[in-house]
Each structure stands twice: as C-alpha cells, then as structure tokens.
C-alpha cells in the first residue's frame with residue numbers, strides 16, 4: 001500500500017512538472033512556436 005501511494009505521488013509530481021515546463025508562461029511550446037516563426041520569416045526573406 002505504501003509503495004502504491006509513493007508511486008502515485010511520483011507520477012503526480014512528474015505530471016505537474018511537465019505541465020509547468022511545457023505549458024507555462026515562456027514554456028517549451030511557446031518557445032518552439034516563436035522559433036518556428038523566426039525560421040519561417042528568415043526563409044521567406046531568402047531571394048532565389
């Protein structure tokens with residue numbers, strides 16, 4: 001029973017950390033989107 005409780009707490013902690021890293025303000029999702037926009041702008045400025 002104790003091992004099950006510890007496992008559940010660990011899973012909950014990891015899920016909360018992931019959510020704050022990926023979706024928080026300035027998180028990974030926002031950073032990746034900004035980087036993609038910059039790359040798209042740079043590519044569109046290349047003249048053939």
Legend entry - Contacts under 8 angstrom Cβ, first residue in segment 29-48 being under 25 Å from residue 18 (Cα atoms), partner surrounded by 10 or more Cβ atoms within 10 Å (Cβ to Cβ) and modelled with pLDDT under 90, 6 or more apart: 29/22; 29/23
Inset, instruction - Pick out the one residue from 44, 20 that is part of a helix (DSSP H, G or I) and surrounded by fewer than 10 Cβ atoms within 10 Å (Cβ to Cβ). - result: 44
Inset, instruction - State yes or no: is residue 25 modelled with pLDDT under 90 and either loosely packed, with under 10 Cβ neighbours inside 10 Å or not in a helix (DSSP H, G or I) (or both)? - result: yes
Inset, instruction - State whether one or more residues within segment 2-18 are modelled with pLDDT under 90 and in contact with a helix residue (DSSP H, G or I) (Cβ under 7 Å, 6 or more places away or on another chain). - result: no
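The values are calculated or read from the model by the stated rules, or taken from the named source; none is laboratory data. All of these numbers come straight from a predicted model, not from anything done at the bench. For neighbour counting, all protein chains shown are included, and Cβ atoms are generated from backbone atoms with ideal geometry for every residue, glycine included.
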